[in-house]
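Encoded as structure tokens, the structure appears first; notes follow it.
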Amino acid sequence: MRFIADFHLHSKYSRATSKDMEVETLARWAKKKGILLLGTGDFTHPTFFAELQSKLIPSGNGLFQLRKGDEGVRFILATEVSNIYSQGGKGRRIHNLIFAPSFEVVVKINTKLSSLGKLSSDGRPIFGFTAKELVKMILDISGDCLIIPAHAWTPWFSIFGANSGFDSIEECFGEMSPHIYAIETGLSSDPEMNWRLSALDRITLISNSDAHSPNRLGREANGFDCELNYQDVVDVLRKKDSRKFLFTIEFFPEEGKYHYDGHRQCGVIFSPEETKAHQYLCPGCQKKLTVGVMHRVSELSDRQEGFIPRHAIPSIHLIPLEEVIAEGLGVKVGTKAVDAEYDRLIERGGSEFHILLDATPDELASFVPPRILEGIIRMRQGKVSIVPGHDGVYGKINLFPEEKEESESKGQMRLF
């Protein structure tokens, strides 16, 4: 069975999230997006877990569905936890995803974690023990659980982060490393970047939205062709049959907010080479630059850019439909015009992923305005212009760069 899954998101009980991040709204948006399997997020939060127990029922296969108003979407019990600790004389901040096969297992996980930290303080709880101890603790509760390092390259909170991470899976997880089967590449990197590390050849590279609002679902996701049940999905991620993992859906990684190095307060955006030339210091204020994902990948890689491993899972780079519409209309995302056009296109096209991935240009031409259709075609062809993201600032992507250049040129002539 072919389907798309987004495993990593947050509930309304996490910091800086929309009040609409609850399962009914998430299911409606997942249907709009074309996502069939969705992570619940935040099952460690007591209030949200109580909601999950009251609003979801088992599907009989380790997955869950809405008790009322089923949208055809299935949920997998998932959460993210933060481990902040010292190791090797350095502060570490590691985020990990946890998948669980049942409410009963989650109860045991939450009971154990509640004795080690405050679960109600945030949807993503913080603990002072090591990531290695987390893996052992969870697998001692149930060997059917899966632990996956989240947004693996983000500078501040990840396994390979420049500021608080490690140089290898083994350095982080020690003897528990064989139980790490997958990592989440994050918005600022893509599989192509991760292929440069031979140490990751045994690892499944997954991509998720890390959504904090419903419309962000699926900005990164995963394509499967397996049975829609917990064990089959986990087995695919464990590479028991990687042929059933079809592709990942990716941001253009330059659009991620930590792709390049830089200092946002001074407006400095540097490539790794430029950062080295400036001794890792901002030329404006002489403070230390935030080292981005591209730089960190280059540091740890043992292969040249462009290397493709044997049996590599393909990746598809997309721009969210709302952004394509906004650029096509010449307005900003979140305006009424964009929302209205988005809903119209979804009603005609079935889902966002069908429009962006599967529908032919001739099919799209029957209901998509020409300029928006041109944007979709350019996106599919990778014909985009991007100012890379840096130091927490998202990159600026443009589907019609020639028009922007013409507009800027006219503005300069008027000024002259």
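Select from the stretch 315-352 the residues that are under 20 Å from the mean Cα position of the chain (by Cα) and either surrounded by 21 or more Cβ atoms within 10 Å (Cβ to Cβ) or under 19 Å from ILE377 (Cα atoms) (or both) and list them in ascending order.
Matches in the stretch 315-352: SER315, ILE316, HIS317, LEU318, ILE319, PRO320, LEU321, GLU322, GLU323, VAL324, SER351, GLU352.
Identify the single condition in (1) in contact with a His (Cβ under 7 Å, 6 or more places away or on another chain); (2) under 25 Å from ASP6 (Cα atoms) that LEU289 does not satisfy, given that it satisfies every other one.
Every condition holds for LEU289 apart from (2).
What is the one condition in (1) farther than 19 Å from GLU22 by Cα; (2) of a type outside the set (Lys, Arg); (3) exposed (fewer than 15 other Cβ atoms within 10 Å of the Cβ) that LEU113 does not satisfy?
Just one mismatch for LEU113, condition (3).
For GLU80, are the conditions met, namely being touching a helix residue (DSSP H, G or I) at 6+ places or on another chain (Cβ under 8 Å) and surrounded by 15 or more Cβ atoms within 10 Å (Cβ to Cβ)?
No.
Scan the stretch 351-375 residue by residue and report those that are part of a helix (DSSP H, G or I) and in contact with a helix residue (DSSP H, G or I) (Cβ under 8 Å, 6 or more places away or on another chain).
Passing the criteria: GLU352, PHE353, ILE355, LEU356, PRO361, LEU364, ALA365, ARG371, ILE372, LEU373, GLU374, GLY375.
Within the group ILE203, ILE148, which residue is β-branched (Val, Ile, Thr), touching a helix residue (DSSP H, G or I) at 6+ places or on another chain (Cβ under 9 Å) and under 28 Å from GLU24 (Cβ atoms)?
One residue alone meets the criteria, ILE148.
Just to be sure before I move on: is PHE75 in contact with a Phe, Trp or Tyr (Cβ under 6 Å, 6 or more places away or on another chain), aromatic (Phe, Trp, Tyr) and either in contact (Cβ under 8 Å) with a residue 40 or more places away in the chain or more than 23 Å from ILE206 (Cα to Cα) (or both) in the structure I sent?
When the stated conditions are applied, PHE75 passes them.
Going residue by residue through the stretch 329-338, is there one that turns out to be closer than 27 Å to PRO191 by Cβ and either free of Cβ contacts under 8 Å to residues at least 40 places away in the same chain or β-branched (Val, Ile, Thr) (or both)?
yes
Within 25 Å of ARG15 (Cβ to Cβ), surrounded by 21 or more Cβ atoms within 10 Å (Cβ to Cβ) and not charged (D, E, K, R): does that describe GLY91?
no
Among the residues of the stretch 185-227 satisfying the criterion of being touching a strand residue (DSSP E or B) at 6+ places or on another chain (Cβ under 6 Å) and of a type in the set (A, V, I, L, M), which is surrounded by the fewest Cβ atoms within 10 Å (Cβ to Cβ)?
Taking the candidates together, the pick is ILE203.
All of the numbers you see were taken from the coordinates with simple rules; none came from a lab. Since the model is a prediction, treat every value here as computed from it, not as a measurement. Methodologically, a virtual Cβ is constructed for each residue, glycine included, from the backbone with ideal geometry; neighbour enumeration extends over all protein chains shown.
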